[in-house]
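The values are calculated or read from the model by the stated rules, or taken from the named source; none is laboratory data. Note that the structure is predicted; figures quoted are calculated from it, not measured. Ideal geometry is used to build each Cβ from the backbone, glycine not excepted, and the neighbour counts take in all protein chains shown. These accessible areas exclude ligands, DNA and RNA; they are computed on the full protein's heavy atoms, side chains included. Shrake-Rupley method; radii C 1.70, N 1.55, O 1.52, S 1.80 Å.
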Amino acid sequence: MNLFSLADLMKTSLTLFTLLFVISLISVHTSGNKIFAANDTFSANGQIGSLVLGMPPSTNTVNMSSVDKFVLSGYWKLVTENGKIADFTSEFYTGHVNGANNHTHEITNLRVQDDKPLQLSADGSTQISGLTDVKTNGKNAWNDVPTTISVSKGRTISIDIADNETQRHFMDQPIYGIVKDLTIMNISSNDTMLNSNMTNKTGSLNTTIPERLPPQSINGSNVPKI
């Protein structure tokens, strides 16, 4: 009787230990970065901080001391509701590192033609392909531009704009930024923020875009590269 009870106790203890071990692994995976299941209603915003090099895409070797460099700085925001785009805007100030030909760009009116619902994955990633309109100094420059937006692990964003449809203005190079806030809308109120070490929980961006400069060309043909 005592041996049978001891065996039962050991079996129960082993089961409980296994269960607790599995729960601890799940806790480590989720509590540190608050990673949740895939979600189709979320909002995100952050800052653009990118560098575009003045070179053709076929270039294999770059001399960083002599290649033209264009700095991009601004903000972006993305809102989805039930798997559909509710809002996307990115506005940034850009120009050559020597300060010449500085101007602004705005990427707006993101349209997704695929009926497949958009989702933020469990690790905070998503990729959205669609069409956008691109403005220069507040004026329409290019419309219906194929654009791919990728958010990676709730930390970074890249905006890849079709090169030919923008007259190679962005040199076929993605525009990069960071995720400042990523908020999941339809989970419990205590767990609404997907965090990373780079995520700042302040509610809004204070980025100020400098006053727009007069456009040199509305259709982009005479606007300097970046």
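Quick notes on this structure:
- Criterion (in contact with a His (Cβ under 8 Å, 6 or more places away or on another chain), at pLDDT 80 or above and not basic (K, R)) met by exactly one of D40, D68: D68
- The condition of being of a type in the set (K, R) and open to solvent by less than 50 Å² (accessible area, probe 1.4 Å) holds for only one of K77, K116, K69, K84, that being K69.
- Of the residues making up segment 121-149, those that are closer than 27 Å to A38 by Cβ and either among the β-branched types (V, I, T) or open to solvent by less than 20 Å² (accessible area, probe 1.4 Å) (or both) are G124, T126, I128, G130, T132, T147, T148, I149.
- Residues that are open to solvent by 10 Å² or more (accessible area, probe 1.4 Å) and on the phi > 0 side of the Ramachandran plot do not occur anywhere in segment 154-162.
- Residue ranges of strands (runs of 3 or more DSSP E) in segment 94-167 with at least 3 members more than 17 Å from the chain's Cα centre (by Cα) and of a type in the set (F, W, Y): none
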